[in-house]
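For reference, the structure is listed below as structure tokens.
The values are calculated or read from the model by the stated rules, or taken from the named source; none is laboratory data. Just so it is clear, the model here is predicted, and its values are computed rather than measured. Using ideal geometry, Cβ is built from the backbone for each residue, glycine included, and neighbour counts are taken over all protein chains shown.
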Ligand code: SF4
């Protein structure tokens, strides 16, 4: 099997070139720059690399190039990409929010967390992505964009902490100063909170952002929405988040998607304010995007207003994010249709 060279971090590339290819270490600087900064798709274009090495690279390695199946643009400028990757179809979203341009990447084919409100969760789990499959989504979107991508969020299909090895390599590659060089603080890893997940992010000793999909500060309600939440209680999750804030000096983002009649009442707002107390955090409120086939609904505007107004004076930072890309099913919780539509991929095993 050829080496999937886009999956190698700078250190891994250097080691591979020295130990397996018998090359000098400096070759890693040249090749990493060609792959991740200039983003060439062929070894033949690496003109400062000797012809002999280029030819050996052709024989032993390959550069993953996603096939772009479609790119649907919503009126708000959000673009949802459907890509064919070696492991299957993947959806990624490019979100303009000047001066930022954010790429939302997938990390798994489907997801096994089985969140009840999420289309990806309904689509089941079909495998982990490798690091090259994660970073090549970013490169394909960068190629199709006139403006530089400034931010990356790992909030597409999949639970990043459930595919940690590949995600950690992709984080390293995306933030490397010889590559596309997205600043660590401009990259956010999202999680529903699985045991040991946040600890792995802390162990990297980097400045990557952390967003936690909370969706309810009432234990029973959260468990009914996110089955895997039964493996980590709300107090335990808060402990993990506090450790992250202490280790990085950064605030956590609490993602809270308002769903009609489920978590949008004032008593839920009160539980959220109490939970956020003492935790350096910002609260990101989202309004649920209906997913075909799922029973959940958007909350009425009056409930959104009351919920938001309750939180504003009680919490450090609250934003109500009007979701982007709803018209192209590229909004939060709406990815995964391609996985469901692929007849070879039946819904898998949601965690229960
Ligand atoms: Fe997976 Fe995230 Fe969807 Fe939950 S919300 S099923 S973790 S993709």
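So, in region 138-147, how many residues would count as being surrounded by 20 or more Cβ atoms within 10 Å (Cβ to Cβ) and touching a strand residue (DSSP E or B) at 6+ places or on another chain (Cβ under 7 Å)?
Number satisfying all stated conditions: 3.
Identify, from the list 179, 183, 196, the residue that is under 27 Å from residue 118 (Cα atoms) and out of contact with any strand residue (DSSP E or B) (no Cβ under 7 Å at 6 or more places or on another chain).
It is 196.
Quick one: is residue 1 surrounded by fewer than 18 Cβ atoms within 10 Å (Cβ to Cβ), more than 24 Å from the chain's Cα centre (by Cα) and closer than 16 Å to residue 132 by Cβ?
It is true that residue 1 is surrounded by fewer than 18 Cβ atoms within 10 Å (Cβ to Cβ), more than 24 Å from the chain's Cα centre (by Cα) and closer than 16 Å to residue 132 by Cβ.
From the list 74, 103, which residue is surrounded by fewer than 19 Cβ atoms within 10 Å (Cβ to Cβ), in contact (Cβ under 8 Å) with a residue 12 or more places away in the chain, in contact with a helix residue (DSSP H, G or I) (Cβ under 6 Å, 6 or more places away or on another chain) and under 22 Å from residue 188 (Cβ atoms)?
Being surrounded by fewer than 19 Cβ atoms within 10 Å (Cβ to Cβ), in contact (Cβ under 8 Å) with a residue 12 or more places away in the chain, in contact with a helix residue (DSSP H, G or I) (Cβ under 6 Å, 6 or more places away or on another chain) and under 22 Å from residue 188 (Cβ atoms) holds for just one of 74, 103, which is 74.
Is there a residue being within 16 Å of the ligand (Cβ to nearest atom) and either modelled with pLDDT of 85 or more or crowded, with 20+ Cβ neighbours inside 10 Å (or both) anywhere in region 261-283?
Scanning region 261-283 turns up at least one residue that is within 16 Å of the ligand (Cβ to nearest atom) and either modelled with pLDDT of 85 or more or crowded, with 20+ Cβ neighbours inside 10 Å (or both).
Within the set of pairs 6+ apart or on separate chains, which have a first residue in region 200-227 that is more than 21 Å from residue 244 (Cα to Cα), a second that is assigned to a helix (DSSP H, G or I) and away from the ligand (no atom under 16 Å from the Cβ), and C-beta atoms under 7 Å apart?
218/268; 218/271; 219/234; 222/234
Return the residue satisfying two criteria in turn: it lies in region 273-299 and is without any contact (Cβ under 8 Å) to a residue 40 or more places away in the chain and outside any loop (DSSP other than H, G, I, E, B), and of such residues it is farthest from residue 239 (Cα to Cα).
Here the residue is 287.
Need a quick list: helices (runs of 4 or more DSSP H) entirely within region 148-258 having at least 1 residues that are more than 16 Å from the ligand (Cβ to nearest atom) and surrounded by 20 or more Cβ atoms within 10 Å (Cβ to Cβ).
Where helices (runs of 4 or more DSSP H) fall fully within region 148-258 and carry at least 1 residues being more than 16 Å from the ligand (Cβ to nearest atom) and surrounded by 20 or more Cβ atoms within 10 Å (Cβ to Cβ), they are 164-175, 234-248.
Which count do you get for residues in region 77-100 that are crowded, with 19+ Cβ neighbours inside 10 Å and without any contact (Cβ under 8 Å) to a residue 24 or more places away in the chain?
Residues meeting the conditions: 0.
Would you mention how many residues in region 26-43 are over 17 Å from residue 3 (Cβ atoms) and loosely packed, with under 14 Cβ neighbours inside 10 Å?
The total comes to 3.
Being touching a residue at least 12 places away in the same chain (Cβ under 8 Å), away from the ligand (no atom under 13 Å from the Cβ) and over 18 Å from residue 88 (Cβ atoms) is the requirement here; does residue 144 meet it?
yes
Are any of the residues in region 107-120 over 28 Å from residue 260 (Cα atoms) and more than 13 Å from the ligand (Cβ to nearest atom)?
no
Looking at region 124-131, is at least one residue more than 16 Å from the ligand (Cβ to nearest atom) and out of contact with any strand residue (DSSP E or B) (no Cβ under 7 Å at 6 or more places or on another chain)?
Yes, the conditions are met somewhere in region 124-131.
Pick out the one residue from 293, 333 that is at pLDDT below 95, on the phi > 0 side of the Ramachandran plot, crowded, with 17+ Cβ neighbours inside 10 Å and within 16 Å of the ligand (Cβ to nearest atom).
333
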